[in-house]
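Shown next, in structure tokens, is the structure this report addresses.
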Amino acid sequence: MPEPTPRTSRRGLLFGAAAVSAGVLVTGCTSNEPSDAEPTADDRSAADDKPGKPVTIGFAGPQADHGWLNAINDNAEKRAKTYSDVTMEVTEGSNDTAQQIGQIETLINKKVDVLVVLPADGKALTQVGLKAMRAGIPVVNLDRIFNSPQAYRCWIGGDNYGMGLNAGHYIGEKLKDTPDARVIELAGLDNLELTKQRTQGFDDALKNYPNIKKVARQAADFTVESGQAKMAQLLQAQSKFDALWNHDDDQGVGALRAIEQAGRDDFLMVGGAGALSAFQAIKADDGVLKATVLYPPSMAASAIDLARALGQGKGVGGLAEFEIPTSLTCYSAVVDKENVDQYMSTGFK
């Protein structure tokens, strides 16, 4: 999860038979370009290139028990429907590792052309990724990464470190002229590596601002209820602070409830992920939430683009190579009142 601006870093990538030929427009982490084709789940346009070789894509994701995960499934399925040459086989989705492995093995046995997998547990599903690759089925590993690069042909996902980094820089710039500024952090699940990465990025960014001190950190678990409970604890413990970074917009709904109940409005808040409710609050500008850093679920639409390109033997236009990259990291853009309208259609519920 880098320093380029959202506008320049989200340029369109065109898939083609050679690096210079026209082809599929990658959405999500790589595109803002318009076209006349049917919009994907985030309302940005799909590719307008000519249909090619028919491709069957197997899509296996975890159970959609979180707004972001539901948006992942929605983006992938709607993106596939924009292509007349793509057929998608979708599993039910499960957080049970054994069940998800079984679902992927079924897709392998069906001899799909390409697999797109967002594993419930990247480490636990590495072997089934290897099995697919050894069977000659290229794997697009979506977000939660397998333990071995041999288990996938291409990885595409979000930038957890970049989320923290960009949240920290945003807060730092807002508070750089505030003497002895105090910042607190409402993190996600502490047993997840992604949470540690988000915190590390945040801490590294704050090192650029010697006037700012992080005075408290509380871990929640990405739910509305935990956000409300843990934020209430933070508010009781910290009578005065200048900014809050919350790792996740779903738990942020609960955090905002706790803030409202406490009658506090003496600080600014930055969220994370890109929920529609966060965008709406930022646009209304009538509360503490002033910005959120993206972890775009539209990466799933891009994963379908990559899978289609792999199935058709295409590369990436605009690059010298004939093959698609082995990894693509989505940029964690900061969305505030100045640019929220641009991103509103990408917000997940």
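Taking the condition of being at pLDDT 90 or above, closer than 15 Å to C154 by Cα and not in a loop (DSSP other than H, G, I, E, B), how many residues in region 301-334 meet it?
14
Collect the residues in region 277-300 that are in a helix (DSSP H, G or I) and surrounded by fewer than 21 Cβ atoms within 10 Å (Cβ to Cβ), keeping them in residue-number order. Steps first, please.
Start the filter on region 277-300 by keeping residues that are in a helix (DSSP H, G or I), which leaves 277-284, 299-300.
Listed by number, the residues that qualify are S277, Q280, K283, A284.
Among the residues of region 129-139, is any surrounded by fewer than 22 Cβ atoms within 10 Å (Cβ to Cβ), within 23 Å of the chain's Cα centre (by Cα), basic (K, R) and in a helix (DSSP H, G or I)?
Checked region 129-139: no residue is surrounded by fewer than 22 Cβ atoms within 10 Å (Cβ to Cβ), within 23 Å of the chain's Cα centre (by Cα), basic (K, R) and in a helix (DSSP H, G or I).
Restricting the search to region 88-104, which residues are assigned to a helix (DSSP H, G or I) and open to solvent by less than 60 Å² (accessible area, probe 1.4 Å)? Even if it seems obvious, please write down each step before you answer.
First pass over region 88-104, keeping only residues assigned to a helix (DSSP H, G or I): 97-104.
Scanning region 88-104 gives T97, Q100, I101, G102, Q103, I104.
Report the residue count in region 215-241 for those that are over 24 Å from G263 (Cβ atoms) and open to solvent by 40 Å² or more (accessible area, probe 1.4 Å).
We begin by selecting, within region 215-241, every residue over 24 Å from G263 (Cβ atoms); these are 219, 221-222.
Pick out the ones that are also open to solvent by 40 Å² or more (accessible area, probe 1.4 Å) and you get 221.
Adding up the residues that qualify gives 1.
Checking the conditions here, which among T195, T199 is closer than 25 Å to D96 by Cα, outside any loop (DSSP other than H, G, I, E, B) and in contact with a strand residue (DSSP E or B) (Cβ under 9 Å, 6 or more places away or on another chain)? Steps first, answer last, please.
Values: T199 fails: closer than 25 Å to D96 by Cα.
Sole residue among the options that is closer than 25 Å to D96 by Cα, outside any loop (DSSP other than H, G, I, E, B) and in contact with a strand residue (DSSP E or B) (Cβ under 9 Å, 6 or more places away or on another chain): T195.
The values are calculated or read from the model by the stated rules, or taken from the named source; none is laboratory data. Just so it is clear, the structure is predicted and the values come from calculations on it, not from any experiment. Positions of Cβ are generated from backbone atoms using ideal geometry, with glycine treated the same way; all protein chains shown enter the neighbour counts. What goes into the accessible areas is simple: the full protein's heavy atoms, side chains included, and nothing from ligands, DNA or RNA. Shrake-Rupley method; radii C 1.70, N 1.55, O 1.52, S 1.80 Å.
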